[in-house]
Protein chains: 2
Amino acid sequence: MPRQFPKLSISDVDEQVRLLAEKVFAKVLREEDSKDALSLFSVPEDCPIGQNEAKERELQKELAEQQSVETAKRKKSFKMIRSQSLSLQMPAQEWKAPSVSPNLSPATPVVAVTLQPVQVTDFQRVTISGDYCAGVTVDDYEQAAKSLVKALLIREKYCRLAYHRFPRTTAQYLCSMQDEKWKIEDEVLPDFHPPPKDLEDPYNLNDAPGNLDYVVKMKGGILFVYDNKEMMELNEPRSLPYPDLETYIVDLSHFLALIAHGPTKTYCHRRLNFLESKFGLHEMLNEMSELKELKSNPHRDFYNVRKVNSIDSAFCVNRFVQITFNAFQKLVELQKPVSRSSLHYALPINFVEVSRELEESKYQYTEPRLSIYGRSPDEWPNLAKWFIKHKIFSPHVRWMIQVPRIYDIFRSKNILPCFGKMLENIFLPLFEATINPLDHKELNLFLKYVTGFDSVDDESKHSDHMFSDKSPNPDIWTSEKNPPYSYYLYYMYANIMVLNNLRKERGMSTFLFRPHCGEAGSITHLVSAFLIADNISHGLLLKKSPVLQYLYYLAQIPIAMSPLSNNSLFLEYSKNPLREFLHKGLKVSLSTDDPMQFHYTKEALMEEYAIAAQVWKLSTCDLCEIARNSVQQSGLSDKEKQKFLGVNYWKDGPEGNDIRKTNVAQIRMAFRCETLCNELSFLFDAMKSEEISALSK
Amino acid sequence: MPRQFPKLSISDVDEQVRLLAEKVFAKVLREEDSKDALSLFSVPEDCPIGQNEAKERELQKELAEQQSVETAKRKKSFKMIRSQSLSLQMPAQEWKAPSVSPNLSPATPVVAVTLQPVQVTDFQRVTISGDYCAGVTVDDYEQAAKSLVKALLIREKYCRLAYHRFPRTTAQYLCSMQDEKWKIEDEVLPDFHPPPKDLEDPYNLNDAPGNLDYVVKMKGGILFVYDNKEMMELNEPRSLPYPDLETYIVDLSHFLALIAHGPTKTYCHRRLNFLESKFGLHEMLNEMSELKELKSNPHRDFYNVRKVNSIDSAFCVNRFVQITFNAFQKLVELQKPVSRSSLHYALPINFVEVSRELEESKYQYTEPRLSIYGRSPDEWPNLAKWFIKHKIFSPHVRWMIQVPRIYDIFRSKNILPCFGKMLENIFLPLFEATINPLDHKELNLFLKYVTGFDSVDDESKHSDHMFSDKSPNPDIWTSEKNPPYSYYLYYMYANIMVLNNLRKERGMSTFLFRPHCGEAGSITHLVSAFLIADNISHGLLLKKSPVLQYLYYLAQIPIAMSPLSNNSLFLEYSKNPLREFLHKGLKVSLSTDDPMQFHYTKEALMEEYAIAAQVWKLSTCDLCEIARNSVQQSGLSDKEKQKFLGVNYWKDGPEGNDIRKTNVAQIRMAFRCETLCNELSFLFDAMKSEEISALSK
């Protein structure tokens, strides 16, 4: 090999290159002196200002590039080349698609619905190919998938019965798995009363509909509705879905077996790890594109997207001394349970003042809790009277009713004879006001602004009763012992479910069951909530159960988290799983639990967001996604959600997002939706495998 | 919607489910008491034993599954379904491939060569689709790609000239980019002398070839070879590649401009981040499959794969007191530079003892350094004599020559008149022994076992001379000041390059230039080494320069790292970038730098591996990959590498790996190779874009 050294002359070198090189070399010499030899070449890893500046510069360049037709052309050409390069690089697939296509036809509509071609956003997608599932044996995969599908079907059943929400994408996959056709008209959604229009009187009592003359009677802790007294005597209730304890216990048993099943745990654990890593890669690849979308979105930023604060009961306790409070004095007396201090049933006061502040800060809404204890049936009419008398209504507030789990106290003071009576005190007035609004005008009006029920108390309190079909029913629960969490939840759900069906018949608004859950205590609380809650507050303990966490993901159950209050009570801030849950794609939102107790500024919700953004380095897109979740999970009416999120807010993926309102990048929406579809398709594949392996024989 | 609650009866439930649920519930009750309510449901995140046990169980199940024909069938069916599901989920590509295919034909052979279908391993591949490159503007992308390609072409040139190694995959892409056809016969590889066969005498002096009667003369610090005295007087050197300083400075200038170029920095930074994340995802998805491959590989584990320790000079200093050392006394005297203590030119003694230990531990090889100072031309013949007299040869050892950068000391003591004389003392004896081995039998023999040169000293020592075409050449470098790092490196490379070409003509072995580099000091050291070193030791500062780090990745430059010695000297162990480099795909290996000084056990290399495995939780596959790198980068002969790595060890990807010998999973090899191809294809796309955009008009 005769080789020579190919010579170059410095005079041939581009003058610019020469100058730059000399400058670099000269700088190296200087910098070596100044002990900072690296700054010229290194990336400012540890300096946030430098990073932000660099990001901002990049963004400006990208935005400028968007304007240029020439660049757009070149970009297009690069993408074209790229897709070709990729197909050349990918080794040939061992398994050819054609042979399976006939079998998979039921899947096609699902995918077509969720990923319409017009909605496809241009971003870098992370795809995994080459195996059915990582590190799981075929048997385990099949078993895990079947169990998970079963769990989802159980939740779907309870959601439909109670007018709770279930994500459309998941529902569509479940339909396909059962070879059924998903139909939009079968979708069940809650109904929230729209707020009065501008000139309408929010306290108008004159539109109450007439009396249906139905009769209601409690049996085994559940209120049954009869067309009349005769039917009641014949024990023939109206045709409404009444829950059945034995069925519930059967469903619960399946579930308990599932979460303790090793292979399912492993499967879920792996999928969750994958989801977290996939999001990391997605962000690395698309962070700038997401940011670009947001920057191109005029007049909208995190500050002016709508946020709903699902705040807790102790709302404003610390501030009532500053302002007129004699209006609330009576309520304070009224709401005092007996005499017991707890974070979860402190007194709701000073709403007017806080509402006024909210109306001033146009973009915030709240869902404060009012307590109903079930001591007496008068609590409801008194609360409604108070609400009207003191003009508590605000378009920025929707009310929740919290029921503290303190039967044991009332029973020990002999205020209640049995647990059933407590349930009756809580729910019978609502049934009566629904059947005969004319005679309960005030409560009927107040209920328009109530959107759901919460169940509250310290979850770490332990009960040694095991809830089963052998448990005494509420009518005969006369013990001074408090029933366990799961018992409380089942009977609340049961009555809300019947009530919702009755109200729906009359065209009245329905209620969501949104308990505090998973803040502490047993992980079985999260099992109960998975079956029968629309959404939950806290959910910290999902961290401990991969199966439950994955199911909460697949069912997209909203979780309102309050890291600041958790920080004070249960969990160090930085260990709070909010960021991890958000990354994996769980539907988390931020709330202030006991705002005055755990926050330093007047703007408690913004403080909660600000600290989360700082501690976890959340991007604007992250914050806006959380804010969007908070509106979606809230009890705001369809009309308001259309206004705040976009007219198609109930659709999954980019289709359901109006970036001009939410400031959430369409790329993020597409990523979330495609990722959910990918996870669901694993379950789908497992369900379809038998058919296909039969065919391939 | 008339809906009823669908009832189930407990007696219908599978007896097993019921029992399990009861057990779970009962356990919850018990566990609530024992304050351990979560253990049943949670994954043992923080307990390594639990994790390992779980992994072992899974592995056993997977291995069992492999045996079953039925399961294999189902697995196949799942994969088939999965590939179909994926294609349904992926939104339609905006850019259709057909229109570009004519242009891309030159690329096809590249890909076909590197990814032969027979070699494709079955694993889960991470693919990114949908854009040409993340968060980089078209302009920046094009500029960055062109600069990087230019840098690679420059390195390739210097590698070819000096018989250094350049990775085949990268070379193939570079060829395609220039529309040239890559030919195997153009590949340039170093030549190492195979060790003597079993019955051969390693000290046999009788095979020295005859005298060529060439004449050698130093000019400007570089030795020129002439056919005879007449040609020398005519100034007509033999047709060998002689380096040209001006050309080198031009190349260096391009390079310095490149590493300071903002967009290129950003591009490289992003690609490196991507590489790290991609590996993380790969491991998450394929860890079990890799482990399965290794478990199915009989009689091979990390312990018995070959490892080469590219150890440093101070080898055994602390132990010379324990053993016969009178044999070395003379050498100690001989090797004493003047009187100055430094880690990098401590004394090489006690090799026999250590070699014996190595031969006992069959799987370890070492490349210790012997110092040549360039004080006098006698150093070489003395070293060769010592080697033969004391029978230093061992089949487990290959020798490196280290040249300490201490011209300033010799000059200040007036031992040397100029830097050129030092170079002459180092290299002239080698040229003479190559031209006339008959008269230099001992040195000729010794050089068979020498495989390369190292340049050593404390890199943080600062020089204020800026190396350029205006720098005084070594003949007139008479100053007492030490030349800078880059000056040392260039003149060492220059003479090694000429020498290698001369030796290659005679069919003699060649030498690699393998300097210590990037341990401290200026980042420009790493620039010099990128141009002219075969591989380097340390490379810590690559951490600080994304451009250089990415280039070291693309050029797959071997980096021998010694975190334990760095830990003592320069960098806290856990902050050492070895793990990060390994994950990204840089060709790192582990070595012991000054083994007796920084290690606690007799088995210093195994200690180095053990600590790395513990601190960074490296898997067996990781460790074996590092060990494989260490053999590949070493000066072991072709024959030995075939024996230790497999007959095709010089090929990239799974083809080049014999798992039975290396214990590196084929999945890992395929991942590395496909990932490198993916990165190179980005550069390729940019180079091809102009042609294609011309076509698409």
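If we scan region B:258-265, do we find a residue that is touching a residue at least 12 places away in the same chain (Cβ under 8 Å), over 28 Å from B:G653 (Cα atoms) and open to solvent by 50 Å² or more (accessible area, probe 1.4 Å)?
No, region B:258-265 contains no residue that is touching a residue at least 12 places away in the same chain (Cβ under 8 Å), over 28 Å from B:G653 (Cα atoms) and open to solvent by 50 Å² or more (accessible area, probe 1.4 Å).
Determine whether region B:269-289 contains at least one residue that is under 21 Å from B:I154 (Cβ atoms) and either within 11 Å of chain A (Cβ to nearest Cβ) or in a loop (DSSP other than H, G, I, E, B) (or both).
Yes, region B:269-289 has at least one match.
Select from region A:178-208 the residues that are free of Cβ contacts under 8 Å to residues at least 60 places away in the same chain and of a type in the set (D, E) and write down the one among them that is least open to solvent (accessible area, probe 1.4 Å).
Ranking the qualifying residues of region A:178-208, first place goes to A:E187.
Given the criteria assigned to a helix (DSSP H, G or I) and either farther than 30 Å from A:H583 by Cβ or free of Cβ contacts under 8 Å to residues at least 40 places away in the same chain (or both), does A:Y242 qualify?
no
When you go through B:L423, B:L447, B:L383 one by one, which is the residue that is in a helix (DSSP H, G or I), aliphatic (A, V, I, L, M) and at pLDDT below 95?
Among B:L423, B:L447, B:L383, only B:L383 is in a helix (DSSP H, G or I), aliphatic (A, V, I, L, M) and at pLDDT below 95.
Answer yes or no as to whether B:K661 is open to solvent by less than 20 Å² (accessible area, probe 1.4 Å), in a helix (DSSP H, G or I) and either of a type in the set (K, R) or under 20 Å from B:I184 (Cα atoms) (or both).
So B:K661 does not fit the description; no.
Listed here are the residues, each with its yes/no results for (1) open to solvent by less than 40 Å² (accessible area, probe 1.4 Å); (2) within 21 Å of A:L445 (Cβ to Cβ); (3) in a loop (DSSP other than H, G, I, E, B); (4) at pLDDT 85 or above.
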site: A:H344; (1), (2), (3), (4): yes, no, no, no
site: A:S355; (1), (2), (3), (4): yes, yes, no, no
site: A:L370; (1), (2), (3), (4): yes, yes, no, yes
site: A:I388; (1), (2), (3), (4): yes, yes, no, yes
site: A:M400; (1), (2), (3), (4): yes, yes, no, yes
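Regarding A:M218, is this residue hydrophobic (A, V, I, L, M, F, W, C), within 12 Å of chain B (Cβ to nearest Cβ), open to solvent by less than 30 Å² (accessible area, probe 1.4 Å) and touching a residue at least 60 places away in the same chain (Cβ under 8 Å)?
Against the criterion (hydrophobic (A, V, I, L, M, F, W, C), within 12 Å of chain B (Cβ to nearest Cβ), open to solvent by less than 30 Å² (accessible area, probe 1.4 Å) and touching a residue at least 60 places away in the same chain (Cβ under 8 Å)), A:M218 does not qualify.
Yes or no: region A:320-331 includes at least one residue that is open to solvent by 10 Å² or more (accessible area, probe 1.4 Å) and modelled with pLDDT of 50 or more.
yes
Can you find even one residue in region A:441-453 that is within 11 Å of chain B (Cβ to nearest Cβ) and within 21 Å of the chain's Cα centre (by Cα)?
no
Quick one: A:C175 ticks every box in (1) among the hydrophobic types (A, V, I, L, M, F, W, C); (2) at pLDDT below 90; (3) surrounded by 13 or more Cβ atoms within 10 Å (Cβ to Cβ) except a single one, so which number is it?
(2)
What residue, among those in region B:253-268 that are touching a Leu at 6+ places or on another chain (Cβ under 9 Å) and facing chain A (nearest Cβ under 7 Å), is farthest from A:R270 (Cα to Cα)?
The extreme case among them is B:S253.
What tally of residues in region B:508-524 results from selecting those that are modelled with pLDDT under 95 and surrounded by fewer than 24 Cβ atoms within 10 Å (Cβ to Cβ)?
Residues that pass the stated criteria total 3.
Among the numbered criteria (1) of a type outside the set (V, I, T); (2) touching a helix residue (DSSP H, G or I) at 6+ places or on another chain (Cβ under 7 Å); (3) within 20 Å of B:S537 (Cα to Cα); (4) free of Cβ contacts under 8 Å to residues at least 60 places away in the same chain, which one does B:E607 miss?
(2)
Find the helices (runs of 4 or more DSSP H) located wholly in region B:526-591 whose residues include 3 or more that are open to solvent by 10 Å² or more (accessible area, probe 1.4 Å), and list them.
B:563-569, B:578-584
Before we move on, is A:V456 at pLDDT below 95 and either of a type in the set (D, E, K, R) or over 27 Å from B:K7 (Cβ atoms) (or both)?
It is true that A:V456 is at pLDDT below 95 and either of a type in the set (D, E, K, R) or over 27 Å from B:K7 (Cβ atoms) (or both).
Go through (1) outside any helix (DSSP H, G or I); (2) modelled with pLDDT of 70 or more; (3) within 29 Å of B:P263 (Cβ to Cβ); (4) at the interface with chain A (Cβ under 8 Å from one of its Cβ atoms) for B:F166 and report which single condition fails.
B:F166 satisfies every listed condition except (4).
If B:D652 meets every condition in (1) open to solvent by 10 Å² or more (accessible area, probe 1.4 Å); (2) part of a helix (DSSP H, G or I) apart from one, which number is that one?
Checking B:D652 against (1) open to solvent by 10 Å² or more (accessible area, probe 1.4 Å); (2) part of a helix (DSSP H, G or I), the one that fails is (2).
Out of all the residues in region B:477-498, which are open to solvent by less than 10 Å² (accessible area, probe 1.4 Å) and more than 13 Å from B:R405 (Cβ to Cβ)?
B:Y493, B:A494, B:N495, B:I496, B:M497, B:V498
The values are calculated or read from the model by the stated rules, or taken from the named source; none is laboratory data. No experiment lies behind these values; they were computed from the predicted model shown. Positions of Cβ are backbone-derived with ideal geometry, glycine not excepted, and every protein chain shown enters the neighbour counts. To get the accessible areas, we keep the full protein, side chains included, count just its heavy atoms, and leave off ligands, DNA and RNA. Shrake-Rupley method; radii C 1.70, N 1.55, O 1.52, S 1.80 Å.
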